[in-house]
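The values are calculated or read from the model by the stated rules, or taken from the named source; none is laboratory data. If you're wondering where the values come from, they're calculated on a predicted model, not measured in any experiment. Positions of Cβ are generated from backbone atoms using ideal geometry, with glycine treated the same way; all protein chains shown enter the neighbour counts. Accessible surface areas use protein heavy atoms only, side chains included; no ligands, DNA or RNA. Shrake-Rupley method; radii C 1.70, N 1.55, O 1.52, S 1.80 Å.
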2 protein chains.
Amino acid sequence: MTAVPLHQRIRDEIEGLIRSGAWAPGHRVPFESELMARYGCSRMTVNKAMSALADAGLIVRRRRAGSFVARPRVHSTVLDIPDIQAEITARGETYAFVLLAAERRAADPDDGDETELAGEGDLVVLRGLHVAGGRPFALEDRLISLAAVPEAAAADFAAEPPGAWLLNHVPWTEAESRISAVGAEAAVAELLALDVGTALLAVERRTWRAGEPVTRVRQLFPGEAYDLVARFGPAR
Amino acid sequence: MTAVPLHQRIRDEIEGLIRSGAWAPGHRVPFESELMARYGCSRMTVNKAMSALADAGLIVRRRRAGSFVARPRVHSTVLDIPDIQAEITARGETYAFVLLAAERRAADPDDGDETELAGEGDLVVLRGLHVAGGRPFALEDRLISLAAVPEAAAADFAAEPPGAWLLNHVPWTEAESRISAVGAEAAVAELLALDVGTALLAVERRTWRAGEPVTRVRQLFPGEAYDLVARFGPAR
DNA sequence: CTCGCGAATATGTCTATACATATTGAACCG
DNA sequence: CGGTTCAATATGTATAGACATATTCGCGAG
């Protein structure tokens, strides 16, 4: 009935343990010999599962040392929607994050989006400004689900911008991005030091871990000053 | 010296034949038994190479029938920069493409971008308007390299929009996209029936086949009317 | 204490073999 | 002639064994 090949069952079980966060980045995956014993199969079968996980970038394998859960790469390989701080410092400009507002509250029951994100818990609601070389670079509005990330209640987002903080604390996520263009409204224009109506690139990103919503962020970039770049091509 | 594992060499050679276009979509890849003979190795080794190609989506395998070069999927798996026509008809709106200008000419020698694209040949230069439900949806300026796609000289882009035509004639490409936001200039605003200065989403995409530039396109979408969506997540 | 060397070990590659399974094409029968 | 059955075939999965190679650990020499 099942007809799921063993090597794929092994692969799926390990993948589940990683994606759920049960095995955090850096955690040592059992040796092939241990998995052979656990599943009662030959090494080639285990090896096929582990090689597939390595190809998919979920684990890193090192001879003699063993296999380890990979840490999520900052750039999702494909679309450079990055850690803004890393991007700016890579250009050689100074970076600063100004936290404009931070609060903890329950989800607005009239906002289906917020209630879905919050689940059973509260939300952390943040607004901040990314500053590059002394000039406003992007305005960010973020919601974080405390049900998914309880540690966020105690984090100091003035010291470490929320994007970077999340990357370091919440391993491995699925993400969906929506990209559009909007004209700057008065309040936004003032914060970004632009004229009202200037074209802005609007990026809205939601991420999940193991199917559970983690965060939603809206970022506004001065359109002419910033390009998103996406590349597809021969991998490897 | 080489130290390239045999299964990977097999994989790379076949991948090269596919990406270069030598083996077009639908072409039958040699049977495992044939590849065993050609490379003088065991079936498991060939199988590893072929399974990897199948996982990567480059080939499709069918028992008893053999393995075949896959046809490129319209959506590049990751970033939905789509065939605009498919997108609009999927929404249930009528679609039309209005060809505003078409010419064949040599690359402007002062434009490094154009000369690189053109290579040794001429360019096809197109401007057209995508229309959804009777209203302007996107403005498209496109260059096609005749060196890479000589058939483009005879194509009727009024009958079939260039994006769709290229997808059907030029298999498997690498691509790079740049996304930004701009304000509508007067000429563009008129074509799209918008006010001057309205925020537009600007998508510039370049594609290559086997390292050779094929086309460059700039598309302008009314920002508020259109979202680009990118998804990353558990594959499969 | 440090450096270098060798042994232990986990993964990487490959072979030869076996049986399972989906699909096709052809033979066969109503 | 249409439909069913059946055997041939190519891939899918799995095994047990072998040797290669990178890396680490510990030991011993300086």
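Quick one: B:L53 ticks every box in (1) open to solvent by less than 70 Å² (accessible area, probe 1.4 Å); (2) within 13 Å of DNA strand C (Cβ to nearest atom) except a single one, so which number is it?
(2) is the only condition that B:L53 fails.
Among residues belonging to the stretch A:51-73 that are free of Cβ contacts under 8 Å to residues at least 24 places away in the same chain, over 19 Å from the mean Cα position of the chain (by Cα) and away from DNA strand D (no atom under 13 Å from the Cβ), point out the one that is nearest to the other protein chains (Cβ to nearest Cβ).
The selected residue is A:D55.
Hey, could you check the stretch B:193-204 for residues that are assigned to a strand (DSSP E or B) and either outside the structural domain of B:A138 (by TED's automatic domain parsing) or touching a Gly at 6+ places or on another chain (Cβ under 7 Å) (or both) and say which is surrounded by the most Cβ atoms within 10 Å (Cβ to Cβ)?
Per the stated criteria, the residue is B:L200.
List every residue pair whose Cβ atoms lie under 9 Å apart, where the two residues are 6 or more positions apart in sequence or sit on different chains, the first residue falls within the stretch A:92-103 and is loosely packed, with under 14 Cβ neighbours inside 10 Å, and the second residue, located anywhere, is of a type in the set (D, E, K, R) and assigned to a strand (DSSP E or B).
That search, which allows pairs on different chains as well, returns A:L100/A:R127; A:A101/A:R127.
Go through the stretch B:1-24 and count every residue that is within 12 Å of chain A (Cβ to nearest Cβ), more than 9 Å from DNA strand C (Cβ to nearest atom) and not in a helix (DSSP H, G or I).
Of the residues in the stretch B:1-24, 1 are within 12 Å of chain A (Cβ to nearest Cβ), more than 9 Å from DNA strand C (Cβ to nearest atom) and not in a helix (DSSP H, G or I).
Please work out which residue is most open to solvent (accessible area, probe 1.4 Å), limiting yourself to the stretch A:152-190 and to residues that are away from chain B (no Cβ under 14 Å) and among the acidic types (D, E).
Across the stretch A:152-190, the extreme among qualifying residues is A:E190.
Residue by residue through the stretch B:25-50, note down the ones that are farther than 30 Å from B:T207 by Cα, small (G, A, S) and either near DNA strand C (Cβ under 10 Å from one of its atoms) or touching a Phe, Trp or Tyr at 6+ places or on another chain (Cβ under 8 Å) (or both).
Scanning the stretch B:25-50 gives B:G40, B:S42.
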